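The structure appears right after this line, and notes come after that.
The values are calculated or read from the model by the stated rules, or taken from the named source; none is laboratory data. Just so we're clear, the structure is a prediction, and the values are computed from it rather than from any experiment. Neighbour counts run over all protein chains shown; Cβ positions are idealised from the backbone, glycine included. Each accessible area value is taken on the protein alone, full model and side chains, heavy atoms only, with ligands, DNA and RNA left out. Shrake-Rupley method; radii C 1.70, N 1.55, O 1.52, S 1.80 Å.
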Amino acid sequence: FHCLCLRALKLSESSLRLRIADLGEKEKSKTMSRNPFLDPTLQEILQVIKPTRADWDTRIRVIDQLRDVLQTVECLRGATVQPFGSFVSNLFTRWGDLDLSVDLFSGSSILFTGKKQKQTLLGHLLRALRASGLWYKLQFVIHARVPILKVVSGHQRISCDISIDNLDGLLKSRFLFWISEIDGRFRDLVLLVKEWAKAHNINDSKNGTFNSYSLSLLVIFHLQTCVPAILPPLRVIYPKSAVDDLTGVRKTAEESIAQVTAANIARFKLDTAKSVNRSSLSELLVSFFAKFSDINLKAQEFGVCPFTGRWENISSNTTWLPKTYSLFVEDPFEQPVNAARSVSRRNLDRIAQVFQITSHRLVSDCNRNSIIGVLTGKHIQESLYRTISLHSQHHANGMHNVRNLHGQARPRNQQMQQNWSQSYNTQNPPYWPPPTQSRQQQNWTQNSPRNLQGQPPVQGRTWPVITQTQTEQKNQYKNGNRPLKNTSAGSSQNQGHIGKPSGHMNGVNSARPAYMNGVNSARPASKIPSQGGQMWRPRHEQ
């Protein structure tokens, strides 16, 4: 009994420390919310790293190229190529790699493919890729937990990780996409955190740091433990380890998991009793770095458990014992697998230090460039500065280009989704950027008085009537001839303004004088020089 009391007291003290730490994170995020530069800067970074239509198209072409190669491998004919990972979960950046699974033709049932067989098939695929001459930097990671083939597409320069029958990876990717549908801040946070981790060299599992999946789980856990919570414990979304239910007929198993998840997410979103968290993106990001700034110390006693949505004491969780990892982040969809098993003890101290430095700089610095410097890598910084320069140039010239700042046309949702569905016979991609909203400047010809005769005038204005005499005089000036006769209808005092209406420029109300709205516009009477009753003419003709 005495031992149980001591253990309960120890757990209570641990919970109290975590609660105090959470309150400290909240105060830091409140302090940072006063920084007027942070939120706009985060949006600028997201504008650069979020994928464009061209990025989607490039990855689709890579998938097609791999499908063509499969047809040349005798033992892989009939297999299909399925993307998974960040491309399916919609959590990839413009420079992100592509995860691909070669699904073997095995009817409708889910069959187990042994590791030895996967290694053999990937070996055949490796030779075919090398023979095609369209791929380079081929690397066969044969002894990994999941054997993969690392390649880079020759034309598109997209890094690819190819595996065999990776149904587990596809299922986890779908879960991350479903979670992103609960709150849009989740996706933005993941993109920012992944870019930050790459900039500080802590997003490489081969070198003993985080993989992208474990970083996504940390963001989920942060949104579960902030006050009030934004995401529920994942057991609310799916009550058990989802990978265990991938048995039997594949279509039936996947549909069953999707239906249960969709119903639980809808129930959570309709719950009016829960408190609403209205924290800004900057507040959530600052509190994220503060929460894990001592992760090396917390990891000695606690594990990150997105399934329950709280820190779990490792000694009290028998499925996590014996403690052989420096950091435990439980995979909620494949329990009790540790998603952060690649993180080494030495690197965990360095990771905690990076969290601390980032948290301190975001709280203390108010400079826009320092924010960009701590959150992004060099190539993103260069792209960001180039984008902002172009953006300023467009505004300075009063121009609006229907193409985005990277020189790529923005996609049209319906057409892109139709092309995807017809070409791949799969569900539409999770995200397409919104279509370009046309501005009035782009449709000036439709708004011109020349094209608006008989149409309702702008409120408070009447469209001028262009007479035949005015048209003739205008044509004479174009040909370098003077009008033979000045008429009252053609006098500059009585004629309507030819071209854009007074006070409007490209459809936008302007305070400029009417005669400045176009070369062909007539000056007002006060600006007409008196020349013996003759009509005013351009200066070069006088």
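Tabulated data for the structure shown
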item: Hits among aspartates and glutamates - C-alpha to C-alpha of K116 under 15 Å, sequence gap 8 or more where chains match; result: D165
item: Two-decimal Rg to Rh for the range 265-349 - Kirkwood Rh, Cα set; result: 1.04
item: Restricting the range 170-271 to GluC sites (Glu not before Pro) in coil, as DSSP defines it, with at most 16 other Cβ within 10 Å; result: E181
item: Per residue accessible area of the range 51-107, 1.4 Å probe, in Å²; result: 36
item: Residue-count net charge about Y325 - beta-carbon cut-off 12 Å; Lys, Arg +1, Asp, Glu -1; result: +2
item: Whole-Hz couplings from phi, Karplus 6.51/-1.76/1.60, listed for the range 147-161; x for Gly and Pro; result: x, 9, 10, 9, 9, 10, 5, x, 7, 8, 6, 9, 6, 10, 10
item: Extension gain (nm, one decimal) between Y136 and T318, 0.36 nm per residue minus Cα-Cα; result: 61.0 nm
item: Protein accessible area in the range 217-284, 1.4 Å probe - carbon and sulfur %; result: 55
item: Virtual spin-label span in nm between R235 and L270, 7 Å along Cα→Cβ; result: 2.4
item: Extended-chain gain in nm, criterion 0.36 nm per residue less alpha-carbon gap, K115 and R278; result: 54.0 nm
item: The range 76-197 - share of DSSP beta bridges that are antiparallel (%, nearest 5); result: 70
item: Heavy-atom surface of the range 288-336, accessible at 1.4 Å and reported per residue (Å²); result: 35
item: Full-extension gain in nm, Q71 to R157, via 0.36 nm per residue minus C-alpha separation; result: 28.7 nm
item: Neighbour cut-off at most 13 other Cβ (10 Å), DSSP loop, chymotrypsin sites (Phe, Trp or Tyr not before Pro), the range 59-154; result: F105, F112
item: The range 118-266: equivalent-ellipsoid semi-axes (sqrt of 5 x gyration tensor eigenvalues, Cα, Å); result: 32, 22, 13
item: Simple spin-label estimate for Q335 and Q353 in nanometres, 7 Å along Cα-Cβ; result: 3.6
